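Here's the structure we're looking at; comments come further down.
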Amino acid sequence: VLQSSNSLKASYEDWLLTYGLSISPFHIRWQTAVFNRQFYNWGRWKPRFLYLWYHVGMVFGIVAMFVSVILLGKTLMQTLTQMLTEAPKAQNDRMLQVVVSILSSGLYLRVVPGVNLPVSQLTYFFSAILISGVIHEVGHGVAAIREQVRFNGFGIFIFIVYPGAFVDLFTTHLQLISPVQQLRIFCAGVWHNFVLGVASFIVLLLLPAILFPFYYTGVGALVTEVAEDSPANGPRGLFVGDLVTNLQDCPVYSVEDWNSCLEDISEKSQVGYCLSAATLQQLSFPARVYRRLDGTVECCSNNSLTDICFSYSNNLDSHLYACLPARKVIEASKVCRTNMDCQKDSVPSFCVTPSLENQTRLIRVKHPPHIDMLYVGHPMHLQYTVSLSSFVPRQNFLSIDLPVMIETFCKYLISLSGALAVINAVPCFALDGQWILNSFLEATLSSLIVEKQSRELVGFLILLAGSALLAANVALGLWMVTAR
């Protein structure tokens, strides 16, 4: 509208030029020369070290170019197999957690906000994208200055909602330097992203030691949030600040233990509880036994919130059922699988097991000094609706959320910076892989294929295949996300 106005067009364009802005539909870009001095200082710092640093980066970038094709090929095969078999695979089994394509320096991700990315994670998501992009472009800029290529400026853009960064280099200088020098510049971006991912991984591993003066670990899983619709909500449920120490007979020392215990509970059959014959007779009361639609047995017909149907066996009958108050059965009871686990002295005891629907479990959650929480439902529902941390503050004024925030941010940096390194190395039009491939062919094939046009044709065919491979991954990935 402003550009179509005769009276405002000139002043509007002058304003954009003054502030280094460029605005178009779904895209805004800001470029500045304010940081040029800092980039030149970085590019001239310890020349020998920078030469070795970017030479290693060049080797990494070339290897990453070949590896990225293999990874994308395997990812494509996995996606096609999943589509044909209609059997969704676990998220951890996918070759790439995030499939990224870059078009006109804009970032698209297989992680779609609002579809399979929680809204609460958007801050981490976009911050990690921006930082990964800035570190990527800093690599290009510093490497270019080290190779005596003129640096014009640095900028940041937003395409739709995705942020990114770019550097403006003098193209003529780039064309005059040798192919090996070009490789050091073009590979610097993916090299910096790889280093950022490794650094974030090291911080994640060393986080307990880094935060040791303020937080201690290895004593349980600290509850940081309980969703409103969580079955753990309620007067006898879990509260923020509670420290979970056990799930059934599975000890919990960290969030990893919490997850592994829940996974173990969901995979194995329901455990039972030792109950003496006298106590069983005292607690049980007559109830009608009937079968549910899934074939399991129910014997509590009063819709009680405290009673559960238990099954047990004696020497005469292996299919006996009793409706018992769950808390009285579980408290001070030994966990068992069979009656043999309950033999103690001369007191006859039975292993009574909750008779629940398939995939449903009765789970005893210990969070002293509070009374144990008894949870009935699918274990994964408990996992998804309760957020925990392995870090317990040493002082009350310390935030229980800070370690979780650092952990989450490091994980996003590892995933997104790693994905940016892999995808940018793909030999594809408009990605760093295009220039890495062209320079690599010039450096290796100039003596074998003398004609420059022939080398360019080889490069074009490889780029065409790489672009098709990446486009197929992105298209099928987006289809999988939106269709399912």
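The values are calculated or read from the model by the stated rules, or taken from the named source; none is laboratory data. What you see is a predicted model; the values in this text were computed from it and never measured. Cβ coordinates were reconstructed from backbone atoms using ideal geometry, including for glycine residues, and neighbour counts include every protein chain displayed. Please note that ligands, DNA and RNA were not included when accessible areas were found on the heavy atoms of the full protein model with its side chains. Shrake-Rupley method; radii C 1.70, N 1.55, O 1.52, S 1.80 Å.
Observations
- For residue 9, a cut-off of 21 angstrom between C-alpha atoms picks up no lysines at all, skipping any fewer than 8 places away in its own chain.
- Taken about its Cα centre, the chain carries a charge dipole of about 780 debye when Lys and Arg each add +1 at the Cβ and Asp and Glu each add -1 at the Cβ.
- Segment residue 225-residue 297, length gained on full extension (0.36 nm per residue, minus Cα span): 22.4 nm
- Accessible carbon and sulfur surface of the stretch 271-355 relative to its total accessible area, %, 1.4 Å: 52
- Think of the chain as a dipole: +1 on every Lys or Arg Cβ, -1 on every Asp or Glu Cβ, centred on the Cα centre; then among 482, 374, 198, 198 lies furthest on the positive end.
- Ranked by how many other beta carbons lie within 10 Å on average, peptides 410-416, 177-183 from highest: 410-416, 177-183
- The value of relative contact order for the chain, using C-alpha pairs under 8 Å at least six residues apart, is 21 percent.
- All other residues whose Cβ lies under 10 angstrom from that of residue 389 are scored, Lys and Arg at +1 and Asp and Glu at -1, for a net of -3.
- For residue 74, the lysines whose Cα comes closer than 21 Å to its Cα, not counting residues fewer than 8 places off in the same chain, are 89.
- In this label model, residue 209 and residue 343 are separated by 5.0 nm, measuring between points 7 Å along each Cα→Cβ vector.
- The alpha carbons of the chain stretch over 93, 55, 52 Å along the principal axes, in descending order.
- Straight-distance candidates among the lysines for linking to residue 344, with alpha-carbon spacing under 18 Å and chain neighbours fewer than 8 residues away dropped: 334.
- Distance from the stretch 350-377 to the stretch 27-85 (C-alpha centre basis), Å: 50
- Subtracting the Cα-Cα distance of residue 16 and residue 236 from their residue separation scaled by 0.36 nm leaves 73.2 nm.
- Spin-label model, residue 120 to residue 464: label points 7 Å out along the Cα-to-beta-carbon direction sit 5.0 nm apart.
- 0 to 90° range, to nearest 10: angle between helix 122-146 axis and the chain longest Cα axis: 30
- Net lengthening on full extension, residue 376/residue 281 (0.36 nm per residue, minus Cα-Cα): 31.8 nm
- Sorted on the mean count of surrounding Cβ atoms within 10 Å across their residues, most packed first, peptides 137-145, 70-78 read 137-145, 70-78.
- Check: the stretch 141-266 dipole with +1 on Lys, Arg Cβ and -1 on Asp, Glu Cβ, in debye: 940
- R0 of 45 Å, Cβ-Cβ distance residue 56-residue 399: FRET efficiency to nearest 0.05: 0.70
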